[in-house]
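Here the structure is laid out as structure tokens; the discussion comes afterwards.
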Amino acid sequence: MKRILTLIVALLMVFSSVAFVVGCTNNQQSGTTASSLNETTETTTTEETTTKASSTDVTNTTQVTTEETTTEETTTEETTEETTEEPEPEYLRPVVDFNDFVFENVERSEFEAVQEKLNNAANAKDLDLIAEAYEEFDDLYYRTATMSKLASITYYKDTVNNAEYDEISTNLDTLLNDEFTYFIKVTYKLLTESGLADEIRGEIVSEEDCDYVLENYETYTDEFAEINSRISALESEYNDALNNTTIDVNGVPCTTDDIVTLFQEGKITTIKYYAYMEASYKAVAKNVAVVYEKLIAAYKEKAEMLHYSSAPEMQYDLVFSRTYTPEKAQEYWAYVKEYIVPLYNALNASFTSSESNTVYGYSNKSGLLEKTEAVMIQYFKEVSPEMYNAWRYINKCNLIDISDDLNRYDSSFTSYFYSYDVPYVFIKASNGFSDVMTRVHEFGHFFNHYVNGSEGTSDYDVLEIHSQGSEMLFFQYIKEVLRAPYKALLKDQVLSLLDAIIEGALHDEFQQKAFELETVNYSTLYKLFKELSVEYGRDYSRYIVDGNDLWALYPHHYQSPFYYISYGMSAISSLDLYVMSLNDRQAAINTYLDIIAATSEEGYLDVIERVGLHSPFEEATYDYIIDAVKTLFNLDY
């Protein structure tokens with residue numbers, strides 16, 4: 001039979017990250033939320049500077065335009081070459097069409113029928129019927145997991161008109177939790193009471209699964225199932241608080257998105273827009289705090305049942321497979337505050353007005369996805385034939401979905417459909433340069449799954465190198481398309497990596513300390529985040545819109561507690577990989593492919609030691625990063 005426990009671990013990865021949002025995009029979007037708050041203090045100045053640059057430096061502007069036009073012509077020619085007939089490769093994953101994936105709800109009665117069959121077979125000690133019933137249970141379990149994911153994606157595509165699918169997905173997740181508990185109980189009984197243990201172990205149920213059942217049987221009580229169901233329900237409550245909290249705007253209840261629309265349509269002034277946004281964020285945060293208090297309590301109960309000393313330890317080990325502890329992470333917090341925060345501030349301060357205008361302009365520049373596709377394909381071919389085949393595969397099977405629809409869930413992620421044995425990419429486009437990097441980022445996750453299927457490492461710190469590392473290896477190709485703006489965008493990209501290192505530490509420390517609070521409510525969470533933000537060099541109080549409510553806007557904290565440090569760890573390794581590529585590009589590519597090849601037995605620290613990257617837990621690593629960034633941008637501080 002298929003290994004159900006292996007599926008459960010994978011499901012934990014998918015559910016907890018909204019499948020890597022929450023790998024790429026929630027990282028980027030959460031960062032965008034923070035940076036956009038920062039930009040509000042400079043918007044007027046930036047616009048004025050842009051106008052002055054346009055009027056006083058016509059020659060330079062013309063030169064950039066000419067270079068970009070030439071590049072566009074080259075890109076078109078390259079795209080034409082790509083259309084020549086190529087032999088179809090033998091793909092590593094099944095050839096499917098995502099458009100043929102149809103949601104069909106799974107009823108609890110379907111599991112009850114299989115349970116009855118398995119119970120009867122167990123009572124009769126009929127090995128053939130037991131094996132047959134396990135296979136039916138296994139197939140139904142996979143199908144339910146697939147339908148839960150399809151329901152989630154249906155909701156994410158249109159959160160307004162498909163809102164009912166969020167509840168459907170939650171109900172299916174609850175069903176999966178209940179049925180997994182049943183699987184544990186019936187398997188334990190067969191292994192200990194039937195006299196058929198030798199025939200079942202390794203033949204009908206894998207040895208690994210049998211060991212897990214015997215070691216963890218006492219944990220899977222009705223109380224444990226109730227906690228998992230409660231957590232799933234609270235995750236839905238969080239989504240509701242995040243997306244549907246309203247404040248009064250001229251007598252009309254409006255969400256945050258509604259306020260943005262009103263501003264874009266010119267129906268409210270800039271001053272009122274900022275005031276309404278701050279009020280909206282605060283209202284969201286107050287509702288989220290109520291949910292977070294309950295979630296913290298539920299995770300603490302779960303950790304105690306699983307015999308972990310704390311919820312952070314449980315999440316680090318059970319969900320993210322980390323090879324370091326929450327206590328060890330505190331060393332990382334300290335290094336980031338001492339070394340990365342000053343480096344980030346120095347690099348940020350080094351931006352000229354021209355560079356700032358370039359970054360700002362490209363953040364809203366449309367058409368870049370199409371413009372960069374040809375060089376992206378060149379990049380895939382350079383890395384490996386299989387990466388290029390993966391790109392052909394994702395398009396052939398319609399397994400990438402990019403849209404800027406207003407009702408679309410504001411996140412991007414890569415997920416995995418176990419019944420079909422295929423990965424899938426969901427992207428909420430912003431119509432700017434970030435779309436280019438988001439596509440490369442998520443495709444890094446897709447490439448890993450294309451090569452490894454549902455196997456490979458489950459360590460999230462490694463998984464995020466697949467995405468962030470690919471971004472950095474791809475970046476030099478941007479030269480061919482963007483030419484003059486490249487240096488400014490490279491500086492912004494490196495700044496984003498430094499930001500991810502800081503955010504990874506900040507939010508990990510915030511979560512660990514939130515779980516230690518005697519009283520969890522809006523006031524204590526606001527105070528904690530405000531204090532820590534200052535320690536990490538980001539005083540959100542000085543922004544036009546108070547940023548000290550940002551902790552409520554990070555879905556990771558509520559859907560996948562203690563995820564966020566993975567962005568920081570992988571950012572260090574991705575920056576390391578980029579510096580390597582400047583000295584020996586082929587060595588960097590080989591290192592990236594070695595990381596993709598990481599096995600399920602390898603954790604993050606094992607992998608980076610094997611491939612020769614620097615450790616985030618060694619002080620010398622931060623000296624190395626500082627020297628590299630200073631050299632790259634002629635930075636003196």
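The values are calculated or read from the model by the stated rules, or taken from the named source; none is laboratory data. It should be emphasised that the depicted structure is a prediction, and the values quoted were computed from it without experimental measurement. Note that each Cβ is placed from the backbone with ideal geometry, even for glycine, and that neighbours are counted across all protein chains shown. When the accessible area is computed, the model is the full protein with side chains, heavy atoms only, and any ligands, DNA or RNA have been set aside. Shrake-Rupley method; radii C 1.70, N 1.55, O 1.52, S 1.80 Å.
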Residues with amide H under 5 Å of Ile400's amide H, sequence separation 5 or more or different chain, H placed in the peptide plane at 1.01 Å from N; which?
Val425
Cross-link reach list, lysines versus Lys272, counting only Cα pairs under 18 Å and skipping chain neighbours closer than eight places:
Lys282
Output the 0 to 90 degree angle, nearest 10, between the alpha-carbon long axis of helix 619-633 and the longest principal axis computed from the alpha carbons of the chain.
40
Just the number, please: carbon plus sulfur as a percent of the accessible area of the range 146-202, 1.4 Å probe, no ligands or DNA/RNA counted.
42
Report the paramagnetic label zone for Tyr637: residues of the range 478-495 whose backbone N is under 15 Å from a point 7 Å from Cα along the Cα-to-Cβ axis.
491-495
Work out the length of the dipole vector of the chain about its Cα centre, built from +1 on the beta-carbon of each Lys and Arg and -1 on the beta-carbon of each Asp and Glu, and round it to the nearest 20 debye.
1860
Skipping prolines and chain starts, which residues have an amide H placed within reach, meaning under 5 Å, of the one on Val249, given they are 5 or more residues away or on another chain?
Cys254
Tell me, what is the per residue accessible area of the range 99-204 in Å², probe radius 1.4 Å?
46
Go ahead and run the numbers for FRET between Asp211 and Thr519, Cβ-Cβ distance against an R0 of 60 Å, rounding to 0.05.
0.90
For helix 565-583, what angle does its Cα long axis make with the longest principal axis of the chain, in degrees from 0 to 90 and rounded to 10?
60
Which of rounded, prolate or oblate describes the range 224-358 when judged by the alpha-carbon gyration tensor and an a/c cut-off of 1.5?
oblate
Under 5 Å from the placed amide H of Val422, counting only residues 5+ away or on other chains, we find Phe417
Where Lys286, Lys491, Lys630 fall by accessible area, highest first, once all protein chains stay in place (1.4 Å)
Lys286, Lys630, Lys491
Between Asp627 and Asp317, what is the label-point separation in nm under the 7 Å Cα-to-beta-carbon projection?
3.8
With labels modelled as points extended 7 Å from the Cα through the Cβ direction, what inter-label distance (nm, one decimal) is found for Val160 paired with Arg610?
4.8
Given charges at Cβ of Lys, Arg, Asp, Glu: the chain dipole, positive-most of Ser467, Gly202, Tyr273:
Tyr273
Reduced to Cα centres, the span from the range 146-208 to the range 433-471 in Å works out to 26
In what order, largest first, do Ser354, Ser533 sit by accessible area if the probe radius is 1.4 Å?
Ser354, Ser533
Helix-derived mean residue ellipticity, 222 nm - over the chain, DSSP H n ≥ 4, -39500 (n - 2.57), to 500:
-22500 deg cm²/dmol
Where the range 311-445 is the region considered: accessible area per residue in Å², 1.4 Å probe:
34
Pull out the extension gain between Val534 and Arg143, defined as 0.36 nm times the separation in residues minus the alpha carbon to alpha carbon distance; nm, one decimal.
136.0 nm
For the range 531-637, what does the accessible surface come to per residue with a 1.4 Å probe? Please give it in Å².
35
Any chance you could look up the accessible area of Arg610 with a 1.4 Å probe, heavy atoms only, rounded to 10 Å²?
110
Gain on full stretching of the segment that runs from Leu306 to Glu104 - 0.36 nm per residue minus C-alpha separation:
69.4 nm
Got a sec to turn the phi values of the range 464-476 into Karplus ³J(HN,Hα) couplings, 6.51 cos²θ - 1.76 cosθ + 1.60 with θ = phi - 60°, whole Hz, x for Gly and Pro?
6, 5, 3, 8, 5, x, 5, 4, 6, 5, 6, 4, 5
Within the set Lys157/Lys371; Lys337/Lys371; Lys117/Lys157; Lys149/Lys337; Lys157/Lys396, which residue pairs have Cα atoms separated by over 31 Å?
Lys337/Lys371; Lys117/Lys157; Lys149/Lys337
By the Cα gyration tensor axes a ≥ b ≥ c (a/c under 1.5 gives rounded; else a/b larger than b/c gives prolate, otherwise oblate), the shape of the chain is prolate
Apply the Karplus curve 6.51 cos²θ - 1.76 cosθ + 1.60, θ = phi - 60°, to the phi angles in the range 410-426 and return the couplings in whole Hz, x for Gly and Pro.
7, 6, 9, 7, 10, 10, 9, 9, 5, 5, 9, 6, 9, x, 8, 10, 10
0 to 90° range, to nearest 10: angle between helix 585-596 axis and the chain longest Cα axis
30
Listed residue (Tyr308, Ala374, Phe224) projecting farthest to the positive dipole end of the chain, Cβ model
Ala374
Just read off the accessible area of Ser411 with the full protein assembly in place, 1.4 Å probe, to the nearest 10 Å².
0
Sorting check: for 447-458, 366-377, which peptide has the highest mean count of neighbouring beta carbons within 10 Å, and how do the rest follow?
447-458, 366-377
Compute the length gained on full extension between Glu218 and Lys328: take 0.36 nm times their separation in residues and subtract their Cα-Cα distance, giving the result in nm to one decimal.
36.6 nm
Counting DSSP beta bridges in the chain, what percent are antiparallel, to the nearest 5?
60
Per residue of the range 219-233, in order, report the coupling 6.51 cos²θ - 1.76 cosθ + 1.60 (Karplus, θ = phi - 60°) as ³J(HN,Hα) in whole Hz, putting x for Gly and Pro.
6, 8, 9, 4, 5, 5, 4, 5, 5, 4, 5, 5, 5, 4, 5
Rounded to the nearest 0.05, what FRET efficiency is calculated for Thr599 and Ser194 with R0 set to 45 Å and r the Cβ-Cβ distance?
0.85
Compute the FRET efficiency between Glu382 and Ala124 as 1/(1 + (r/R0)^6), taking r as their Cβ-Cβ distance and R0 = 51 Å, and round to the nearest 0.05.
0.25
